[in-house]
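First up is the structure itself, then whatever we jot down about it.
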2 protein chains.
Amino acid sequence: MESNKEHEVATTDAITKAKESSGKGKRVRWGVPISKSQSSSSSPRPPAARWRKGVAIADFVLRLGVIGAGIGAAYQMGTNEEVLPFFTQFLQFHAQWTAFPMFQFLVVATGVVGGYAVLCLPFSYVCIVRPYALGPRLLLMILDIVMMGLITTAAAAAAAIVYLSHNGSQHANWIQICQGYANFCQTASESVMLSFVAAFFFMCLVPLSALALKRN
Amino acid sequence: MESNKEHEVATTDAITKAKESSGKGKRVRWGVPISKSQSSSSSPRPPAARWRKGVAIADFVLRLGVIGAGIGAAYQMGTNEEVLPFFTQFLQFHAQWTAFPMFQFLVVATGVVGGYAVLCLPFSYVCIVRPYALGPRLLLMILDIVMMGLITTAAAAAAAIVYLSHNGSQHANWIQICQGYANFCQTASESVMLSFVAAFFFMCLVPLSALALKRN
């Protein structure tokens, strides 16, 4: 009976030590949820976690890029106005971004996307601290796709107007207004380019999120 | 020696039976890679596998939708032409999709996207048969995002032209050509709508792929 009890105590000690050691393993793999670490404690993968953290940091940096490009595009287009000192048969005195619904749409869309990117920063930071967090990552990814659709649509529609302003359309008898309003067209082009840059950042953000979500 | 041989035969039989039974088990959990099934044989997850298969089937169906919408949009716009029996000061005899670069872009983009969706079907089928396959799923997702960007850009640019054709722009002195070419504008609108439907399908495809990629 004595030896049996000793054996039991030894076994319990061994279990406690094993638990402690798995607990330490958990602390090394920063921010892993307990359920995850328990299921994968037999094969800890620090390189994968490091790689996921790198992805999360790239995500954060890309979001900063989206904020810059989005707010820059909104500001460029939202202050786009040119007053000419002369008046011809076809051109009026005043060119303003509100004259074209597509430019209005671009200002709204880039503003929304820029604001969204600002609001996302805390979630993105959570994904750096906890690279295994699934919820915020999936939420960000789905919203990113919607925002990518929004800004791509706005940028392409505005690009079509900028193209027409530069080149006109002989078949439709639409004149090239950029011959008169060179600065207006220049600023609109820059805004459209910035919007496409933001759309490209989103195009990079979505696969990054998918990579962070995927199982090894 | 005799008994030894008999023992060996019995052991081989047992191994063969065990292999057969594990093979059967594999066959029940459709298309699970051997390495996966071995590693997770201690905790089989048929509901997760079934759920992944459902996602893969939805992916396949959405791709069929993309083929329909994409090729339909390309056909609609690619045959869009209207000849008027009269001639006015502003309108010419003939309206054709090739007159607008954005409509040409739409035809090319929808054709490319439709062809891409056809080429993707075998990969999508592989994902139904092997719901745990990571490679084809990730490849499809990244290409899907690029194609979503392409078709969204094309559809939005063409939509801007269709809008201008319908409403014109007083500030730029661009006239409403749809007053003359009603059928041309109607067909172009339908094509743009179909393109946006295809873009929406892609917008659903990307999160589906991400869901299939994500770890449990």
For this session: Consider A:ALA158 carefully, then state whether it is touching a Gly at 6+ places or on another chain (Cβ under 7 Å) and of a type in the set (A, V, I, L, M, F, W, C).
Result: no
For this session: Kindly indicate the residue of the stretch B:83-119 that is away from chain A (no Cβ under 12 Å) and more than 29 Å from the chain's Cα centre (by Cα) and also modelled with the highest pLDDT among those meeting that condition.
Result: B:VAL83
Problem set entry | Looking only at the stretch A:159-169, and only at residues there that are more than 8 Å from chain B (Cβ to nearest Cβ) and in contact (Cβ under 8 Å) with a residue 12 or more places away in the chain, the one that is most open to solvent (accessible area, probe 1.4 Å) | A:HIS166
For this session: Please give the number of the condition B:ALA172 fails out of (1) among the aliphatic types (A, V, I, L, M); (2) facing another protein chain (nearest Cβ under 7 Å); (3) in a helix (DSSP H, G or I).
Result: (3)
For this session: Return yes when B:MET193 is more than 9 Å from chain A (Cβ to nearest Cβ), among the hydrophobic types (A, V, I, L, M, F, W, C) and surrounded by fewer than 19 Cβ atoms within 10 Å (Cβ to Cβ) and no when it is not.
Result: yes
Problem set entry | Per-region count, the stretch A:63-84, residues surrounded by fewer than 21 Cβ atoms within 10 Å (Cβ to Cβ) and in a helix (DSSP H, G or I) | 8
For this session: Might you check whether a residue that is of a type outside the set (Ser, Thr, Tyr) and closer than 20 Å to B:VAL146 by Cβ occurs anywhere in the stretch A:159-168?
Result: yes
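Residues checked against (1) at pLDDT 95 or above; (2) assigned to a helix (DSSP H, G or I):
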| position | (1), (2) |
| --- | --- |
| B:LEU121 | no, yes |
| B:CYS127 | no, yes |
| B:TYR132 | no, no |
| B:LEU143 | no, yes |
| B:THR153 | yes, yes |
| B:ALA157 | yes, yes |
| B:ASN183 | no, yes |
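The values are calculated or read from the model by the stated rules, or taken from the named source; none is laboratory data. The structure displayed is predicted, hence computed values, not measured ones. Don't worry about glycine lacking a Cβ; one is built from the backbone with ideal geometry, like all the others, and counts go over all protein chains shown. Note: areas computed on protein heavy atoms with side chains; ligands, DNA, RNA excluded. Shrake-Rupley method; radii C 1.70, N 1.55, O 1.52, S 1.80 Å.
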